[in-house]
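Trainee: Please see the structure below; I have some questions.
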Amino acid sequence: MIPKMNSKELSEALSTSQTSISKIESDMNLVKRDLTNKLEVIKNEQEYAMQELLNISELLNGATSKDLKNRIVYARQASLAGVYDIYGSTVHPKFVRDPNNIFNFVTSMGPVFKNNANVRINDAISDKHRAILMHDSIEGKLVAFDEYDTANIKVEVEVNVGDMLGDTNFNMIEIAPYLPGSFTINSIDVYKVQSYLTQSTLPDYSILFPIDKVGACRIMMDQKYSLYKFVMNVTVNYKNRNGKYPFGLRHLYFYNAEFDPNSHVIAKIEKSKLIDWVSEDVVVRDQMGLRVSTCTSQGVKLFMAYDGNLLQYEIATSKGLAENIIARNTKELYVKKLLANCVISLEFNTISSR
Amino acid sequence: MMILYNFRHRGPYEYDKFVLNILQLHNEIALLEQRLLEGSGSQLSVATQEFSTIFNTITVDESLSQEMLLLSYQFE
């Protein structure tokens, strides 16, 4: 006798089919959404890169040999020496050990995301935005990228204090934008957990000066803060073909790091002629923006030779009318800079040659 | 789900047709799943992974835009 299915079994078969087709549909939608988001990023990245290429061409046409020879952009140097770490555009004091990424556990299977914070971009909260805290190597990480109608964008990270997984102490931020250089950070405010508990509305740490043309970079805090809330206000300086302001972060990491106090970086400057003297005045671009300074205040020292990890024949810099002429014939300099924060470039006002 | 059968006018075959429809639907979906996993679906999966690799290459820390940003730091 052929067994007959009862109504319960038939109902289950129907239910299984419904579940299967729903899963196929949702999987397809996920793939479609992921591809659409990524295509949107690629489209904007290519368009932005083309525009930047034109800008670079104009800059190259107007550049002088002084710009080429007197300025050190650390991330572009073929070889650097010293005790340092580098990320994106910035060099910074060396990590004593791998930093602790406060939103990602490190396990033998790879990083695991601690899902205990909300991320709002222009007050909109979503899983997509939360993905900026997630480690890049985690599979299925969403793409936090959008085209906005307004140039001013607010990024807020708020830790769920009632659901803390480990401490949230951090002293360094790592930012990786999808469109490097397309926006300016106007301000950063950090609120500690203690401030949440005392219901204080004043930030515990603030960066109130604008940081222009932000690329992949790191920013050091003056000390460790137990993160409750992080607020970053940015202005997007690039408008795409649709008249929108594209903005997105690949990641925003908060590191709890220990730094080597003896950190320094050594870069080489080569000139085609013999060097006479070098000015004391420099222009430095670091995490606090572009500013005029001096070699002394920046912890910069110059040497004529670097051999076997040993800097030799220190050169005195020149200020005002007093020119400290270099006694030897040399066409190259080794510039040692002590690292107290994240530095992008260093430019000497004058490197006189003959 | 409440099902009403008109056995008086249509006879017991109505029920058989209903059962066959459910089983046919179930089998069609099972086959679709199989085809997706082994055929076009796996190709789609490979293509998606390749696309993700390209995407990651474009958006890594050493991307073209990042390199151009460093160039602009050099010359601005």
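Each reported figure results from applying straightforward, stated rules to the coordinates on display, with no laboratory input. Not measured: the values here are computed from a predicted model. Cβ sites come from the backbone with ideal geometry, for glycine too, and all protein chains shown count toward neighbours.
Trainee: Tilt of helix A:7-62 relative to the longest C-alpha principal axis of chain A, in degrees (0 to 90, nearest 10)?
Mentor: Helix A:7-62 and the main axis of chain A meet at about 20 degrees.
Trainee: Here's a follow-up. Starting from the amide H of A:N169, placed 1.01 Å from N in the peptide plane, find each other amide H under 5 Å away whose residue is 5 or more places distant or on another chain.
Mentor: Residues meeting the amide H criterion: A:L227.
Trainee: What nm value, rounded to one decimal, do you get for the distance between A:E323 and A:S7 when each label is placed 7 Å out toward the C-beta?
Mentor: Each label point is offset 7 Å from its Cα along the Cβ direction, giving 10.5 nm.
Trainee: Taking just the C-alpha trace of the range A:98-256, give me its Rg and Dmax in Å.
Mentor: 15.2, 47
Trainee: Separate question: Mind listing which chymotrypsin sites (Phe, Trp or Tyr not before Pro) in the range A:231-322 are in a DSSP loop and have 14 or fewer other Cβ atoms within 10 Å?
Mentor: Details: sites: A:Y238, A:F247, A:Y253, A:F254, A:Y255, A:F259, A:W277, A:F303, A:Y306, A:Y313; in loops: A:Y238.
Sparse-neighbourhood loop chymotrypsin sites (Phe, Trp or Tyr not before Pro): none present.
Trainee: Structure shown: which of A:K94/A:K154; A:K94/A:K271; A:K271/A:K301; A:K38/A:K114 lie over 22 Å apart, alpha-carbon to alpha-carbon?
Mentor: Values: A:K94/A:K154 31 Å; A:K94/A:K271 29 Å; A:K271/A:K301 18 Å; A:K38/A:K114 24 Å.
Going by Cα-Cα distance, A:K94/A:K154; A:K94/A:K271; A:K38/A:K114 fall outside the 22 Å limit.
Trainee: Order A:86-95, B:45-54, A:116-125 from most to least packed using the mean count of other Cβ atoms within 10 Å. It would help to have the intermediate numbers written out before the result.
Mentor: Details: A:86-95: 22.5, B:45-54: 12.1, A:116-125: 16.1.
Going by the mean number of other Cβ atoms within 10 Å, highest first, we get A:86-95, A:116-125, B:45-54.
Trainee: Rounded, prolate or oblate: pick one for the range A:201-283, where a ≥ b ≥ c are the square roots of the eigenvalues of its C-alpha gyration tensor, a/c under 1.5 means rounded, and failing that, prolate if a/b is larger than b/c, else oblate. All intermediate terms of the calculation are to be shown ahead of the outcome.
Mentor: On the way: a/c = 2.47, a/b = 1.37, b/c = 1.81.
Oblate, since a/c reaches 1.5 and b/c is not below a/b.
Trainee: Using only DSSP helix segments of four residues or longer, with each worth -39500 (n - 2.57), what per-residue ellipticity at 222 nm results for chain A after dividing by its residue count and rounding to 500?
Mentor: Working: 5 runs with 75 residues, N = 354.
The helix-only estimate for chain A comes to -7000 deg cm²/dmol at 222 nm.
Trainee: Measuring from label point to label point, each 7 Å out along Cα→Cβ, what is the B:L44 to A:T294 span in nm?
Mentor: 6.8
Trainee: Within a 10 angstrom radius of the beta carbon, how do B:E38, A:E347 rank from fewest other beta carbons to most?
Mentor: On the way: B:E38 10, A:E347 21.
Ranked by crowding around the Cβ, least crowded first: B:E38, A:E347.
Trainee: With charges only on Cβ, +1 for K and R and -1 for D and E, what is the dipole size of the range A:98-256 about its Cα centre, in debye, rounded to 20? Display every interim value, and only then the final one.
Mentor: Numbers: 15 positive and 17 negative charges, 61 e Å.
Charge dipole of the range A:98-256: 300 debye, to the nearest 20.
Trainee: With label points built 7 Å along Cα→Cβ from the Cα atoms of A:S26 and A:E332, find their separation and express it in nm.
Mentor: Taking the simple label geometry, A:S26 and A:E332 are separated by 6.2 nm.
Trainee: Which residues' amide hydrogens lie under 5 Å from the amide hydrogen of A:R250, considering only partners 5 or more residues apart or on another chain, with H built in the peptide plane?
Mentor: Correct list: A:A176, A:Y178.
Trainee: Further, regarding this structure: Running Debye on chain A with equal point scatterers at the Cα sites and no solvent, what base-10 log of I(q)/I(0) appears at q = 0.10, 0.11, 0.15 Å⁻¹?
Mentor: Rounded to two decimals, the profile gives -0.75, -0.87, -1.31.
Trainee: Bin by bin, in steps of 10 Å, what percent of the Cα pairs in the range B:24-75 do you find, going until the bin that has the longest distance?
Mentor: Pair shares across the bins are 23, 24, 19, 15, 11, 6, 2.
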